Amino acid sequence: MIEALQFEFMRNALAAGLLASIICGIMGTLVVVNRIVFLSGGIAHAAYGGIGLAFYFGWPYLAGTLGFSLGAAMIMAAVTLKARHRADTVIGVIWALGMACGIILVDLSPGYNVDLMSYLFGSILTVPDTDLWIMMVMGFCIVALVAVYYKDLLALSYDEEFARIRGVPVTALYFLLIGMLAVTVVMVIQVVGLILVIALLTIPPFIMEKHARSLLQMMIGSSVLGVVFTVAGLWISYAFDLTSGASIIMVAGLFFFLNLLVERLVPKPRKLMTSPIPEENSAVDPQRS
């Protein structure tokens, strides 16, 4: 793997993978804790409509995909707030329509020469310097927003009603969370593709959920795991000439099942609290006051 870093495309791939891993560790933790995995899947697949728009009108990939994804994400967020009992149905419809629109627009694009596989399973080896800098800026903005609103996001993730009592602008914060998720999805599509993006968002946080004692620890641990999966996946793809995105997710999947096996074979002593959220808020839990 070391000798591979002499190539610029491998250095860019490693940098893109590390950026995506850190952001997925942070946002994936919020996705898992808030139980919005299905919504993140809807955003990921609806984003294909943005890819189709970008190719059809000749727009830059990130501009077209990000705009469409944010629009679809805001609609899904509004539905989950206003009609929770129908949210899964509406998200599924937007999911399917986004994919269909993207495929049709790609078909209609002049001079059709699009490699659909690169967007379905990622094209981390072709990330240019410009997109890498854009990913760095977007990643920095996401980390900064999470840091600024960390306590409010913690309260929202733990208990929505309690967050309202504390004066947290729950609705606005929820839309901000979904918007950041849409930006994350667009970033990660370039690394592992839209089909595999959910795995990178959910596997590291799922593994860390039972080992972390706080939301912050869960975010940091998930980011570290994502980095390990990315580096190992890139090495395997380079050594055996395999698709990079799929290799990264295969490594993550193996760790996922290995973690489940270890948990079954080595039972842990019972804990009074298994969720990382209440522990941080125990001092202000309205049930205990």
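The values are calculated or read from the model by the stated rules, or taken from the named source; none is laboratory data. Being a predicted model, the structure only gives us computed values, none of them experimental. For neighbour counting, all protein chains shown are included, and Cβ atoms are generated from backbone atoms with ideal geometry for every residue, glycine included. In case anyone asks, the SASA skips ligands and DNA or RNA and just uses the protein heavy atoms, side chains included. Shrake-Rupley method; radii C 1.70, N 1.55, O 1.52, S 1.80 Å.
Across the range 203-219, coupling constants 3J(HN,Hα) worked out from phi with the 6.51/-1.76/1.60 Karplus curve, θ = phi - 60°, read 5, x, x, 4, 5, 7, 4, 8, 10, 7, 9, 8, 5, 5, 4, 5, 5 Hz, and Gly and Pro carry x.
Summing charges over neighbours of Met76, with a neighbour being any other residue whose Cβ is under 15 Å away from its Cβ, gives +3 when K and R count +1 and D and E count -1. Residues His85, His45, His211 ordered from highest to lowest accessible area at a 1.4 Å probe: His85, His211, His45. Net charge within 14 Å of Ile91 by Cβ-Cβ distance, Lys/Arg positive one each and Asp/Glu negative one each, not counting Ile91 itself? Counting the neighbours of Ile91, the net charge comes to +3. Taking a Cβ cut-off of under 14 Å around Val37, the surrounding Lys, Arg, Asp and Glu residues balance to a net charge of -1, with basic ones at +1 and acidic ones at -1. Solvent-accessible area assigned to carbon and sulfur over the chain amounts to 69 percent, based on a 1.4 Å probe. The range 1-106 has equivalent-ellipsoid semi-axes of 29, 20, 10 Å, by the square roots of 5 times the alpha carbon gyration tensor eigenvalues, sorted largest first. Taking the C-alpha atoms only, the angle from helix 61-82 to the longest principal axis of the chain is near 30 degrees. Between Ala77, Ala172, Ala155, the residue with the greatest mean-square fluctuation in the GNM of the chain (Cα pairs under 10 Å linked by springs) is Ala172. Using Cα springs under 10 Å in a Gaussian network model of the chain, which residue among Lys210, Lys151, Lys82 shows the largest mean-square fluctuation? Among Lys210, Lys151, Lys82, the largest GNM mean-square fluctuation belongs to Lys82.
Each Lys and Arg Cβ is given +1 and each Asp and Glu Cβ -1; about its Cα centre, the chain then shows a dipole of about 960 debye. Phi-derived couplings, Karplus 6.51 cos²θ - 1.76 cosθ + 1.60 at θ = phi - 60°, listed residue by residue for the range 244-260: 5, x, 5, 5, 4, 5, 4, 4, 4, x, 5, 5, 4, 6, 5, 4, 4 Hz, with x used for Gly and Pro. Rounded to the nearest 10 square angstrom, Arg166 shows an accessible area of 110 square angstrom against a 1.4 Å probe.
With contacts taken as Cα pairs under 8 Å and at least 6 residues apart, the chain reaches a relative contact order of 30 percent. Average accessible surface for the chain: 49 Å² per residue, computed with a 1.4 Å probe over protein heavy atoms with every protein chain in place.
Relative to the compact-globule estimate of 2.2 N^0.38 Å, the Cα radius of gyration of the chain comes out at 1.02.
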